[in-house]
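What follows draws every value from the coordinates through simple rules; no lab data is involved. Small disclaimer: the values here were computed from a predicted structure and weren't measured. Neighbour counts run over all protein chains shown; Cβ positions are idealised from the backbone, glycine included.
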Amino acid sequence: MFYKDVYDTIIPRTAQLQSKLGLKTDTLYYGALMFFGESDKKITHVAIYVGDNKLLQATSHGSRIDSIGSIVWDTYWGQKYLFCKTI
């Protein structure tokens, strides 16, 4: 089953195009998309919030779950986090 089959919506491939969908929220909800990059006009990465201060993301080494507040978050992703959206 694909997202389109359930919600009749196609999610674009790139993070930049995905950022055009949904509604911005200040609260992280399970399943919300978290966007990262240099600015709203240069979004380079998206992850899915999976609850309990964790996010699921695809990397060049495969997919993984990271914690918000981890060393990776504090030194890299936390600085590039832009906003969160629900679809």
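Quick rundown of the values:
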quantity: Environment charge of V72, counting only residues whose C-beta is closer than 13 Å and scoring Lys/Arg +1, Asp/Glu -1; calculated: +1
quantity: Largest-first ellipsoid semi-axes for the chain, taking √(5λ) over the Cα gyration tensor eigenvalues, angstrom; calculated: 21, 15, 13
quantity: Under 13 Å from the Cα of K80 - aspartates and glutamates, other chains or at least 8 residues apart; calculated: E38, D40
quantity: Distance (nanometres) between label positions extended 7 Å along Cα→Cβ at S63 and L17; calculated: 2.0
quantity: Candidate aspartates and glutamates - alpha carbon under 19 Å from K54, same-chain residues fewer than 8 apart omitted; calculated: D26, D66, D74
